[in-house]
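Chemist: Below are the structure tokens for one structure; questions will follow.
The values are calculated or read from the model by the stated rules, or taken from the named source; none is laboratory data. Keep in mind that what you see is a predicted model, and the values were worked out from it rather than measured. Here Cβ is always computed from backbone atoms with ideal geometry, including for glycine, and neighbour counts include all displayed protein chains.
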Amino acid sequence: MNWEQTYQTEMPPKTSWSYFNKAFHEWFVKDVPKEMTESKQAFLKAVTSFKPSAIKEALGDIMKIQLWNYAHRIQDGIWDPRGKRALFEGLDLKKPRILFLGAAEGYEAMQLAAMYPGAEIVMVDYDEYCKTTRFTEFPESYPFLGHNPSTGAPKIYYKEDFSVDYTVEDIRNLDFGKEFDIVLSVGMLEHFPDEFKGEVVDWHRKFLKPDGYVVMTTPRSQLRSKLYYQVMADVMNHTYRELMTVEQMWLFTCMRMVFIFSVTVTSKCIMESLLSPDNPLKNRTPLLFMSEGFCFIFLKQLKT
Ligand SMILES: C[S@@+](CC[C@H](N)C(=O)[O-])C[C@H]1O[C@@H](n2cnc3c(N)ncnc32)[C@H](O)[C@@H]1O
């Protein structure tokens, strides 16, 4: 359907997010091995029909399911639990209050809560479907690796172990104070043209305790990501999106900050030393990271 033609107006961002969230969730709940078999059978059938349009469509479907299988199931590049654990480690936090802006299914806040037990999570998304379906249907059995605060030993947590309050609201209407230890967004900044990026960063800072962390991630500008968004266009591309480099994230998020350190996941020791209690820069340290598919930034609020 061409929405613009039907309604004779530009699609509002909230509507385009609702299309995105539905399409994305439909792919998440697919029985991928079954769909792979079916797409191959459909392709063979199309070939024997000698209809070029049917063959092209069936080939496109095969490519999409193969790519999804690779990105999501083989690489685990969408939830990316190992990468995210490596990046979230080492923050100076106990029982944090976490605000997740544009939370969708809420994955990253739950991963943080497993690593910083006793966390209180507030998820915010203006698409009600995210609360009623993406979050509600998030598998109860999905294991989040964190640690047991009384023993320090590794511990597996599940969705039901977390304290979550899910608010369906526009971020711009929130009336929280500066009450959160972490304000987080995943895949938000890159959906805004440059003239609005400063405002998006300010949404995060607005609700942060003086000592809190802003954690933001965007997909990385790299050939593989471009290919992914091109092949998966009808699932992923309902809204404006640009792929960003760490340098661009720096430009738009750290303009107001003082220091910048760019490291990779493997340079984790640098992060640890920067965040250690002995580091005199600790309270004013923005950190940028790259994992396989994402750029991450940690901003520690300036104490002014
Ligand atoms: C790209 S998604 C975040 C990526 C997410 N981790 C996922 O897996 O889909 C961005 C989310 O932010 C929400 N969102 C965008 N603008 C918003 C706003 N102004 N207020 C509340 N939620 C918003 C959208 O509904 C969407 O669910």
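Chemist: With respect to the numbered conditions (1) away from the ligand (no atom under 14 Å from the Cβ); (2) under 29 Å from Arg241 (Cβ atoms); (3) touching a Ser or Thr at 6+ places or on another chain (Cβ under 7 Å), which one is the sole condition not fulfilled by Val124?
Modeler: (1)
Chemist: Quick one: which helices (runs of 4 or more DSSP H) lie wholly within region 1-79 and hold at least 1 residues that are within 28 Å of the chain's Cα centre (by Cα) and closer than 22 Å to Glu108 by Cβ?
Modeler: 13-28, 52-68
Chemist: Right, here's the next one. What number goes with the only condition from (1) under 23 Å from His25 (Cα atoms); (2) of a type in the set (Val, Ile, Thr); (3) in contact with a strand residue (DSSP E or B) (Cβ under 8 Å, 6 or more places away or on another chain); (4) more than 9 Å from the ligand (Cβ to nearest atom) that Thr132 does not pass?
Modeler: Status for Thr132: all satisfied but (3).
Chemist: Given the criteria of a type in the set (Lys, Arg) and in contact with a Gly (Cβ under 7 Å, 6 or more places away or on another chain), does Lys155 qualify?
Modeler: The answer is yes for Lys155.
Listed here are the residues, each with its yes/no results for (1) farther than 28 Å from Ser16 by Cβ; (2) modelled with pLDDT of 95 or more.
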{"residue": "Asp80", "(1), (2)": "no, no"}
{"residue": "Ala86", "(1), (2)": "yes, no"}
{"residue": "Leu93", "(1), (2)": "yes, no"}
{"residue": "Pro96", "(1), (2)": "yes, yes"}
{"residue": "Phe100", "(1), (2)": "no, yes"}
{"residue": "Tyr107", "(1), (2)": "no, yes"}
{"residue": "Thr133", "(1), (2)": "no, yes"}
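Chemist: Can I ask one more? Identify all residues within region 43-53 that are surrounded by fewer than 16 Cβ atoms within 10 Å (Cβ to Cβ) and of a type outside the set (S, T, N, Q); write none if there are none.
Modeler: Those that are surrounded by fewer than 16 Cβ atoms within 10 Å (Cβ to Cβ) and of a type outside the set (S, T, N, Q): Leu44, Lys45, Val47, Phe50, Lys51, Pro52.
Chemist: Being within 24 Å of Val32 (Cα to Cα) and in contact (Cβ under 8 Å) with a residue 12 or more places away in the chain narrows it down to one of Ala71, Ala113, so name that one.
Modeler: Answer to the check: Ala71.
Chemist: Hey, another quick one. Could we say that Leu227 is modelled with pLDDT of 75 or more and within 15 Å of the ligand (Cβ to nearest atom) here? Even if it seems obvious, please write down each step before you answer.
Modeler: Working: modelled with pLDDT of 75 or more: yes; within 15 Å of the ligand (Cβ to nearest atom): no.
It is false that Leu227 is modelled with pLDDT of 75 or more and within 15 Å of the ligand (Cβ to nearest atom).
Chemist: So, one more: With the requirement that a residue be of a type in the set (Ser, Thr, Tyr) and outside any loop (DSSP other than H, G, I, E, B), what does region 134-148 give you?
Modeler: If the condition is that a residue be of a type in the set (Ser, Thr, Tyr) and outside any loop (DSSP other than H, G, I, E, B), then no residue fits.
Chemist: Then there's this: Which numbered condition in (1) under 30 Å from Gly60 (Cα atoms); (2) part of a strand (DSSP E or B); (3) β-branched (Val, Ile, Thr) is the only one that Val235 fails?
Modeler: In the conditions (1) under 30 Å from Gly60 (Cα atoms); (2) part of a strand (DSSP E or B); (3) β-branched (Val, Ile, Thr), Val235 misses (2) alone.
Chemist: Separate question: In the set Lys84, Lys155, which member is basic (Lys, Arg), closer than 19 Å to Met188 by Cβ and not in a loop (DSSP other than H, G, I, E, B)?
Modeler: So the residue among Lys84, Lys155 that is basic (Lys, Arg), closer than 19 Å to Met188 by Cβ and not in a loop (DSSP other than H, G, I, E, B) is Lys84.
Chemist: If you scan region 163-175, which residues turn out to be closer than 16 Å to Arg134 by Cα and surrounded by 11 or more Cβ atoms within 10 Å (Cβ to Cβ)?
Modeler: Selection gives Val164, Tyr166, Thr167, Val168, Glu169.
Chemist: If you don't mind, another one. For region 28-53, which residues satisfy the criterion of being of a type outside the set (D, E, K, R) and within 23 Å of Asn237 (Cα to Cα)?
Modeler: Let us first name the residues in region 28-53 that are of a type outside the set (D, E, K, R), namely 28-29, 32-33, 36-37, 39, 41-44, 46-50, 52-53.
Passing the criteria: Phe28, Val29, Val32, Met36, Ser39, Ser53.
Chemist: Name the single residue that is farthest from the ligand (Cβ to nearest atom) among those in region 180-207 being assigned to a strand (DSSP E or B) and more than 18 Å from Trp17 (Cβ to Cβ).
Modeler: Asp181
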